[in-house]
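The next block holds one structure in the form of structure tokens; read it before the comments.
The values are calculated or read from the model by the stated rules, or taken from the named source; none is laboratory data. Since we're looking at a predicted model, the values are computed, not measured. Reconstructed Cβ throughout: ideal geometry from the backbone, glycine too, with neighbour counts over all protein chains shown. Surface accessibility is based on the protein's heavy atoms, side chains included, excluding ligands, DNA and RNA. Shrake-Rupley method; radii C 1.70, N 1.55, O 1.52, S 1.80 Å.
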Amino acid sequence: MSHTAIPDTFTLGDRPVKRLGYGAMQLAGPGVFGPPKDRDAALAVLREAVDSGVNHIDTSDFYGPHVTNHLIREALAPYPDDLVIVTKIGARRDETGAWLPAFSADELTQAVHDNLRNLGRDVLDVVNLRIMFDAHGPAEGSIEEPLTALAALQQQGLVRHIGLSNVTPAQVAEGRGIAEIVCVQNHYNLAHRDDDALIDDLARDGVAYVPFFPLGGFNPLQSSTLDEVAKRLDATPMQVALAWLLQRSPNILLIPGTSSVTHLRENIAVATLTLPEDALLQLDGMAS
């Protein structure tokens, strides 16, 4: 596996963003459902992120639902000129909090308008179409119909750029034949590396890759190797896992989430952590 020099920024659509961004999912209540336990703390995390130089925030109106977008608007509007807010559509929540597909043309149109209203934007910077043929991971099937509907909303001027989420390489290829795709957001981290080849292909074409669950998600990464490298570098295991991603490929944009200002600061500090070659080799061996 190749590792490259570590640039600070990458172009997302037509805007340069710092490669270490922020994912807002954890600002909602337990199970990404309902309001946060501490609203003031959630607002403080968002403000701290932007004050620290983060200019790429990932969100969705189905987080809560509507909770994280309301928080982002309250904390950050009027928005800084350089802030890129990326949202997702293609799913909805039922009254129990279950994640359900929602990618008919009418549902996608409604979702774009919901995001515009709740974020207080006239146009959405980037909208990721989340494919929900299987809620637990990518599953094959044509994405032409929903992506064509999203592309129509882009042509209306409501969406600046389009990305894809929870997709297979075949769906990425199909999607790129329908619309310009500026990013792919899939499950990827030190232990889960199904997308290695896809990341390298996208890097060659200047397309961003945004790993969700970069720290393992609801089941945080656990590894004696990770612990050993972290101890040697005087860092936390989670900092090492994020640093590995930054060094994995220059097109990887990170959106680690947290509801804690302390953890946010630890995540942001990763931008200055460079893993030596022997540590990279150790970590490369962790793939499941």
Legend entry - Rounded percent of accessible protein surface that carbon and sulfur make up, the chain, 1.4 Å probe: 50
Legend entry - Long-range HN-HN contacts of VAL84 with modeled amide H, under 5 Å: HIS56, ILE57
Legend entry - Among PRO16, VAL45, HIS70 the positive-end extreme of the charge dipole of the stretch 1-145 (Cβ point charges): VAL45
Inset, instruction - Sort 208-219, 262-273 for me by packing, meaning the mean count of neighbouring Cβ atoms within 10 Å per residue, highest on top. - result: 208-219, 262-273
Inset, instruction - Give the accessible surface of the stretch 186-288 per residue, rounded to a whole number of Å², with probe radius 1.4 Å and ligands, DNA and RNA excluded. - result: 43
Inset, instruction - Mind giving me the nanometre distance, one decimal, between the label points for ALA77 and ALA269, set 7 Å out from Cα along Cα→Cβ? - result: 3.5
Legend entry - Rounded Å value of the spacing that divides the Cα centres of the stretch 253-274 and the stretch 1-66: 10
Inset, instruction - Order ASP205, ASP61, most accessible first, counting only protein heavy atoms with a 1.4 angstrom probe. - result: ASP205, ASP61
Inset, instruction - May I ask you to rank TRP99, TRP244 by accessible area, largest first, using a 1.4 Å probe over the protein chains only? - result: TRP99, TRP244
Legend entry - Integer Hz, Karplus 6.51/-1.76/1.60 couplings in order for the stretch 45-60, x for Gly and Pro: 4, 4, 5, 5, 4, 5, 4, 7, x, 5, 10, 9, 10, 9, 8, 6
Legend entry - Listed residues GLY21, GLY97, GLY13, most fluctuating in the chain (Gaussian network, C-alpha, under 10 Å): GLY97
Inset, instruction - Report ³J(HN,Hα) in whole Hz for each residue of the stretch 205-219, in order, from the Karplus equation J = 6.51 cos²θ - 1.76 cosθ + 1.60 where θ = phi - 60°; Gly and Pro get x. - result: 9, x, 9, 6, 10, 10, x, 8, 6, x, 10, x, x, 6, 10
Inset, instruction - List, in order, the whole-Hz ³J(HN,Hα) value for each residue of the stretch 267-278 obtained from phi through the Karplus relation with A = 6.51, B = -1.76, C = 1.60 and θ = phi - 60°; use x for Gly and Pro. - result: 5, 5, 5, 4, 4, 9, 9, 10, 7, x, 4, 5
Legend entry - Solvent-accessible surface (1.4 angstrom probe) belonging to MET286, in square angstrom, nearest 10: 40
Inset, instruction - Mind pulling the per residue volume of the convex hull built on the Cα atoms of the chain? Å³ is fine. - result: 120
